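Colleague: I have a structure I would like to understand better, so I am pasting it below and will then ask my questions one at a time.
The values are calculated or read from the model by the stated rules, or taken from the named source; none is laboratory data. Please read all numbers here as calculations on a predicted model, not as lab measurements. Here Cβ is always computed from backbone atoms with ideal geometry, including for glycine, and neighbour counts include all displayed protein chains. SASA here: full protein model, heavy atoms, side chains in, ligands and nucleic acids out. Shrake-Rupley method; radii C 1.70, N 1.55, O 1.52, S 1.80 Å.
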Amino acid sequence: SRQQELEYLPHAGAALPRGVLPPEPSLWAAGETVCSPREAYFRPSVAVEAAEAIGRVSAELACAYPPGIPLLLPGERVSPQALAELRRLREAGCSISGPADESLETIRVL
């Protein structure tokens with residue numbers, strides 16, 4: 001139930017690998033939306049080096065598990081902060097779900 005989820009939320013950080021802090025709350029807010037996720041999914045996309053993806057529109061989703069908060073969404077502009085946070089969480093032992101290249105060396109963009 002929704003109430004149970006809300007009661008669990010303060011304890012969710014316990015699921016993170018030891019010593020890993022959850023993503024900065026400012027990164028949880030939606031980034032700059034350029035187009036809908038549906039439009040981004042169906043438009044032609046290319047894989048580019050991560051550094052070249054910054055400022056471009058993402059064609060894919062990227063979540064670090066745990067905690068499972070998306071930091072990169074299709075249709076949003078790729079920010080250096082979101083990319084750095086995904087890398088930090090991956091290096092700390094979280095798995096990255098969603099992107100074609102889980103190493104985050106490349107990002108699919110429009």
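Colleague: Sort out for me the helices (runs of 4 or more DSSP H) sitting completely within segment 32-110 that have 2 or more residues that are under 12 Å from the mean Cα position of the chain (by Cα).
Modeller: By residue number, 80-91.
Colleague: For segment 62-110, enumerate the residues that are of a type in the set (V, I, T) and surrounded by fewer than 17 Cβ atoms within 10 Å (Cβ to Cβ). Walk me through how you get there before you give the answer.
Modeller: Start the filter on segment 62-110 by keeping residues that are of a type in the set (V, I, T), which leaves 69, 78, 96, 106-107, 109.
Passing the criteria: I69, T106.
Colleague: In the set E7, E24, which member is open to solvent by 60 Å² or more (accessible area, probe 1.4 Å), modelled with pLDDT under 80 and within 23 Å of S103 (Cβ to Cβ)?
Modeller: Just one listed residue meets the conditions, E24.
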